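Written below as C-alpha cells is the structure these notes are about.
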Amino acid sequence: MKVWVGGGLSELENARVSVLDHGMTVGDGIFETVKAVHGRPFALTRHLERLTRSAEGLGLPEPDLDEVRRACAAVLAANPMPLGRLRITYTGGLSPLGSDRGADGPTLIVAVGETARRPDTTSVVTVPWTRNERGALTGLKTTSYAENVVALARAHQHGASEALFANTVGQLCEGTGSNVFVVLDGELHTPTLASGCLAGITRALTVEWTGAKETDLPFEVLDSAEEIFLTSTLRDVQAVVRLDGRGIGEGPGPVTTKAMRVFEERSAADPNPKSV
Ligand code: PLP
C-alpha cells in the first residue's frame with residue numbers, strides 16, 4: 001500500500017507525520033472521502049471545492065489543488081482496486097507544543113482503502129446528543145470527528161449502521177457520516193444546510209437529480225415519514241428499513257427506489273458532475 005505524504009509516494013510502513021502535527025494534537029485538520037471506481041475518482045472537482053471551503057473556514061492555507069489532484073492520481077495508480085475510498089487529509093502541520101500552527105506549513109496525506117459496495121438497505125438509531133447548527137465548525141468537514149465516533153458506536157451497539165442527530169432547536173439534521181432524506185405525503189425532503197448538516201456532495205446531487213425539496217424539518221418527522229434514506233459518498237442512496245428498532249418497510253419504497261436508480265444512472269453518465 002502506497003500513500004502520499006511529504007510531497008511524494010511512500011510505502012505505508014515508511015510514511016511519517018510528526019507526533020506533534022496539529023491535526024493529531026488538537027484535531028486541526030480537514031478531510032475528504034472520495035469514491036474511486038476502478039481508479040477513477042467520482043465528483044473529484046466537487047470534493048476539492050469543499051476541501052477549499054473547509055480550509056477557508058478553519059483558517060488553513062488554501063490547499064494546492066494541483067498537488068492534491070496529482071497526489072490522488074498517483075495513489076490510485078499505485079494501488080489498483082475495483083472500489084476504493086480515497087482519503088485526503090490536510091492539517092495544520094507540525095506545531096511544537098505551546099505554539100500555534102507549524103511554520104513548516106500544512107500536512108497533506110492521501111491514502112486509499114479498498115471498500116465493498118454498501119448494502120441497499122440499513123437500520124439506523126436516533127441519538128440523544130445534538131448537532132450545533134451555529135458553531136464555528138458547522139458545515140466544515142474537519143477531522144474533529146470524535147462526536148461522530150461516539151454516536152456511531154451507539155448505533156453499532158444496537159445493530160444499526162448509522163445514528164441520526166437533531167440540531168439544538170429540535171430539527172432533523174444528519175447522520176454521523178451521511179445526510180438524510182424523508183418522504184412526507186409522497187414528497188421528498190432533506191434538511192436545509194441551515195440545520196447544521198454537512199453540505200454532502202451526494203446530498204446535493206440527489207437534490208439536483210430528483211428535485212427533492214430542502215426544508216426545515218422537525219426531528220419528529222422521522223416518526224411519520226413514509227420512507228427514509230441516507231446519502232453519502234460510500235453509500236450513494238441507501239434505504240432505511242429500521243429506525244430505533246421499528247420496521248419502516250420491507251425494502252426501499254417507491255420514492256427511494258427511484259432516487260437510487262436516478263443516482264446510479266446519472267453518476268455513471270457523468271463521473272465528474274460540476275457544481276451548478
Ligand atoms: N454528513 C457528514 C457528517 C459526513 O461526514 C458525510 C460524509 O462523510 C456526509 C454527511 C455525506 O457527505 P458526502 O455525500 O459528501 O459523502
With springs connecting C-alpha atoms under 10 Å apart, model the chain as a Gaussian network and identify which of THR115, THR25, THR231 has the largest mean-square fluctuation. THR25
Residue among PRO218, PRO119, PRO80 with the largest mean-square fluctuation in a Gaussian network model of the chain, springs linking Cα atoms under 10 Å: PRO119
Gyration tensor (alpha-carbon) shape descriptor, segment 93-143, a/c threshold 1.5: oblate
If I model a spin label at SER224 and GLN157 as a point 7 Å from the Cα along the Cα→Cβ vector, what separation in nanometres do I get? 3.1 nm
To the nearest 0.05, what FRET efficiency results for THR192 and VAL276 with a Förster distance of 25 Å applied to their C-beta separation? 0.90
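Can you give the % of DSSP beta bridges in segment 109-188 that are antiparallel, to the nearest 5?
Within segment 109-188, antiparallel bridges account for around 50 percent of the total.
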For the chain, give the magnitude of the charge dipole about the Cα centre (Cβ charges: +1 Lys/Arg, -1 Asp/Glu; no others), in debye to the nearest 20. 500 debye
Burial ranking of peptide ranges 170-180, 191-201 (average Cβ count within 10 Å, highest at the top): 170-180, 191-201
At ALA199 and ASP216, where each label point lies 7 Å from the Cα along Cα→Cβ, what is the point-to-point distance in nanometres? 2.0 nm
Tilt of helix 44-58 relative to the longest C-alpha principal axis of the chain, in degrees (0 to 90, nearest 10)? 70 degrees
Once you have the Cα-Cα distance between GLU147 and ARG266, take 0.36 nm times their residue separation minus that, and quote the gain in nm to one decimal. 39.5 nm
Rounded, prolate or oblate for segment 132-276? Axes are the square roots of the Cα gyration tensor eigenvalues, ordered a ≥ b ≥ c, and the cut-off for rounded is a/c under 1.5. rounded
Per its Cα gyration tensor (rounded if a/c is under 1.5, else prolate when a/b beats b/c, else oblate), the chain is best filed as prolate
Calculate the FRET efficiency for GLU13 and ASP100 from the Cβ-Cβ distance with a Förster distance of 25 Å, rounded to the nearest 0.05. 0.20
Work out, step by step, the length gained on full extension between ARG69 and VAL169: first 0.36 nm times the residue separation, then minus their alpha carbon distance; give nm to one decimal. 32.1 nm
Given Cβ charges of +1 for Lys and Arg and -1 for Asp and Glu, the option among GLY211, VAL125, HIS156 whose Cα lies farthest towards the positive end of the dipole of the chain is HIS156
Highest-fluctuation residue, ASN148, ASN14, ASN167 considered, GNM on the chain with Cα pairs under 10 Å: ASN14
Reach of LYS141 by Cα under 16 Å, taken over aspartates and glutamates that are not fewer than 8 positions away in the same chain: ASP28, GLU32, GLU49, GLU56, GLU62, GLU133, GLU174
Which angle from 0 to 90°, rounded to the nearest 10, does the C-alpha axis of helix 201-210 make with the longest principal axis of the chain? 40 degrees
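Read-outs throughout are calculated quantities, based only on the coordinates presented, and are distinct from any laboratory measurement. Owing to the predicted nature of the structure, the values given are computational and were not obtained by experimental measurement. Don't worry about glycine lacking a Cβ; one is built from the backbone with ideal geometry, like all the others, and counts go over all protein chains shown.
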